[in-house]
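Here the structure comes first, spelled out in structure tokens, and everything after it is commentary.
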Amino acid sequence: MFDNEELLKETKSQALNSETVGDIHVDDPRIIAKNINVFYGDKPAINNASIDIGKNEVLAMIGPSGCGKSTFLRCLNRMNDTIDACRVEGELFLDNENILDKKTDVVSLRAKVGMVFQKPNPFPKSIYDNVAYGPKIHGMAKNKIELDEIVFKSLDKAGLFEEVKDRLDAPGTSISGGQQQRLCIARTIAVSPEVILMDEPCSALDPIATAKIEELIYDLKKNFTIVIVTHAMQQAARVSQRTAYFHLGNLVEVGPTSKIFTTPQHKLTESYITGRFG
């Protein structure tokens, strides 16, 4: 909460006059976003945001509620296309292909850029079929043996196989919330994405389940680029290599996570990190 009206005016003024500071570019980018603007109708939600996201990097996006971080995240796999009033401008490259081009196959894109949502959303199917669904749709397995291998490996990578191997026919909704979230992660990685987007993946979980997801993120970065939106600054500090701070639709600062949380360059970032507002 803002402390008072004066603070609200101050932060709005700083946001309007801010230019992104810090390490926007990386040496080996998987994603390059250039001058991204997002509008809901006539209302701007993201203002001219540019950032590189590196291969095998965990990038955390933080900021107050409504600052645009989830909106920006949804640009990365064109999820904003599902919102009629939403318009996205700019250039967004995944492996040198502009995914905002109208010719882009959005189905193929979302296989490359998977997404894990705030609340676990397993399909109304068995644990096995939840993970097998994507590979079946994309024709990734020639037979049951190959499909089993994909499902078992995906569950294992998600740290779930040993917990559910004796009840793969049970409904995906029958396991705990933390297990459901890991099931959704297994479902995401089953189609061999290049990038995994996570929108507040632990907000509905207890501390033990959250710790397991964070351990999983640490392991997954060996094979995937991960972008995570989180309200928990402690979580960002634990799991990410770089952090991006958003405020009122502006990408204010980007840098190594340790630097963002100890010596931020921008006054807005410092105010948020120190709890002056949130």
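The values are calculated or read from the model by the stated rules, or taken from the named source; none is laboratory data. Keep in mind that this is a model prediction, so the values were computed, not measured. No Cβ is skipped: glycine too gets one built from the backbone with ideal geometry, and neighbour counts run over all protein chains shown. In case anyone asks, the SASA skips ligands and DNA or RNA and just uses the protein heavy atoms, side chains included. Shrake-Rupley method; radii C 1.70, N 1.55, O 1.52, S 1.80 Å.
Structure summary
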quantity	calculated
So PHE152, is it under 25 Å from ILE228 (Cβ atoms), aromatic (Phe, Trp, Tyr) and touching a helix residue (DSSP H, G or I) at 6+ places or on another chain (Cβ under 9 Å)	no
Test result for GLY134, small (Gly, Ala, Ser), in contact (Cβ under 8 Å) with a residue 12 or more places away in the chain and either closer than 26 Å to ILE53 by Cα or open to solvent by 50 Å² or more (accessible area, probe 1.4 Å) (or both)	yes
Total residues in the range 264-278, condition in contact (Cβ under 8 Å) with a residue 60 or more places away in the chain, farther than 26 Å from ASN35 by Cβ and open to solvent by 20 Å² or more (accessible area, probe 1.4 Å)	2
Test: residue in the range 133-144 that is under 19 Å from the mean Cα position of the chain (by Cα), in a loop (DSSP other than H, G, I, E, B) and not polar (S, T, N, Q)	no
Counted residues, the range 67-86 - those being within 20 Å of ILE260 (Cβ to Cβ) and open to solvent by 20 Å² or more (accessible area, probe 1.4 Å)	1
Which listed residue, of ALA204, ALA158, is among the small types (Gly, Ala, Ser) and farther than 28 Å from ILE99 by Cα	ALA204
Tabulated pairs, the range 143-155, first surrounded by 12 or more Cβ atoms within 10 Å (Cβ to Cβ), second of a type in the set (Asp, Glu), C-beta under 8 angstrom, 6+ apart or interchain	none
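Okay, residues lined up against (1) open to solvent by 70 Å² or more (accessible area, probe 1.4 Å); (2) touching a Cys at 6+ places or on another chain (Cβ under 9 Å); (3) under 28 Å from ALA186 (Cα atoms); (4) of a type in the set (Val, Ile, Thr):
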| residue | (1), (2), (3), (4) |
| --- | --- |
| ASP27 | yes, no, no, no |
| ILE62 | no, no, yes, yes |
| PHE93 | no, no, yes, no |
| PRO124 | yes, no, yes, no |
